[in-house]
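Data block below; observations after.
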Amino acid sequence: MPSKILIIIIFAVLGIKQSLAQNIIVVQGSSGVSFYTSLGAAVSAASTGDTIYIPGGSWSISPSLTINKKLHIFGVGHNPDSTIATGYTLLTGDINILSNASGGTISGLKCTGTIRFGTTAGNQDVNNFEISRCNLYNLYLGFSSPSAADNNLFYENLFIGGVQDLYNSVNNGFYNNVFYVIKNIGINNLFRNNIFNVSMTENYSDGYFWYGCPASFVNAKGSLFENNIFRGKLMSAGGYNDNFSNCTFYNNLFSLEGDCGPATPTCVGCVDYNSILSQPDLLIFENYPIGQAFQYNLSFQLKSSSLGKNAGTDGTDIGVYGGLYPWKQSGIPRTPHIYFKSIDPSSNPSGTLDVEINVSAQDQ
């Protein structure tokens, strides 16, 4: 049995009977396997390059957890419908990722706090970090502007909380994510097959909700946007055109709801190729009404009649179901997944406790 599957089964057996023991976090590395009852203790004890497996349940990291070594951290997923056997992995508190954590991984978590790359200008240069299949409230990609947090990869995440601030970071890749308002996009970032929603209720002073016009993002310079869906206006803070400049757009789909308001900042030096403009929002998604608070039963799938079908630069759909990282509905990470468990409430007359746990490998 592959070692990762064995580890998953071990911590499942130890963790699911909470009446007998607390949930167990597993650290696996070159020195072997160890077990912890708090994420802070697991991170502190782990060595560079180790993998940490967090089971389902709620884990407090309040007020924050700091990661300053290369670690690979996996939860069991964030979608309640896909984690019935284990419960989803919920972290309450902020996560600070510092420069020495470069090359690490986070996947399969729901985090109610902020993930911040850096706590000072001196430790914000995180690179080659990967965050995937998470439900995140806030992302601050750097501590201050400009940030040299670069070559980081974000795919198949829900960024459905507050405003995501990139602090003018450069050379990062964002694939198949669902965003609400995102701001301060720096040079050479790539956004491909994302959904940019809108801020429908908050009237920020620097333009996220401009004269009744909902925005998808605010401020972008010199980045590339391909195969995305924009449901709101693309804006520059305060209307200053130099904050929205030199971007390139290929094969994006723009909702009609973004064509509103008297203030329309000009994108200086921007170019657009083959984008689909002014589409009625009702004709885009199967079941994702604009302004709807996120729920897991919503569908990001395009309607069969949508002009975004097979209209991406690679011939796949515009939006999160196309491209290199097509949306995985379950949201579970690439680690083996426990999809069924059964534990007898008591041992039989011979003293044996019957346990059945079914685990499936993930091919993507």
Restricting to the stretch 169-195, what's the tally of residues that are open to solvent by less than 10 Å² (accessible area, probe 1.4 Å), without any contact (Cβ under 8 Å) to a residue 24 or more places away in the chain and part of a loop (DSSP other than H, G, I, E, B)? 0
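What number of residues within the stretch 129-156 are polar (S, T, N, Q) and closer than 13 Å to F174 by Cα?
The initial filter retains those residues of the stretch 129-156 that are polar (S, T, N, Q), namely 132, 135, 138, 144-145, 147, 151-152.
Subsequent filtering for residues that are closer than 13 Å to F174 by Cα retains 132, 151-152.
Qualifying residue count, the stretch 129-156: 3.
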How many residues are over 16 Å from Y273 (Cα atoms) and open to solvent by 20 Å² or more (accessible area, probe 1.4 Å) if we restrict to the stretch 220-232? 1
Restricting to the stretch 44-54, name every residue that is open to solvent by less than 10 Å² (accessible area, probe 1.4 Å) and either among the β-branched types (V, I, T) or under 15 Å from T89 (Cβ atoms) (or both). I52, Y53, I54
When A293 is run through (1) of a type outside the set (S, T, Y); (2) modelled with pLDDT under 95; (3) more than 19 Å from the chain's Cα centre (by Cα); (4) under 30 Å from S216 (Cβ atoms), the failure sits at (3)
Conditions (1) among the small types (G, A, S); (2) open to solvent by 30 Å² or more (accessible area, probe 1.4 Å); (3) touching a helix residue (DSSP H, G or I) at 6+ places or on another chain (Cβ under 8 Å): number failed by G57: (2)
Any chance the stretch 53-60 includes a residue that's within 19 Å of the chain's Cα centre (by Cα), at pLDDT 95 or above and among the small types (G, A, S)? no
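The values are calculated or read from the model by the stated rules, or taken from the named source; none is laboratory data. Everything numeric here is computed off the predicted structure, so don't read it as measured data. Cβ atoms come from the backbone with ideal geometry, glycine included; neighbour counts cover every protein chain shown. Just so you know, the surface numbers come from the protein's heavy atoms only, side chains and all, with ligands and any DNA or RNA stripped out. Shrake-Rupley method; radii C 1.70, N 1.55, O 1.52, S 1.80 Å.
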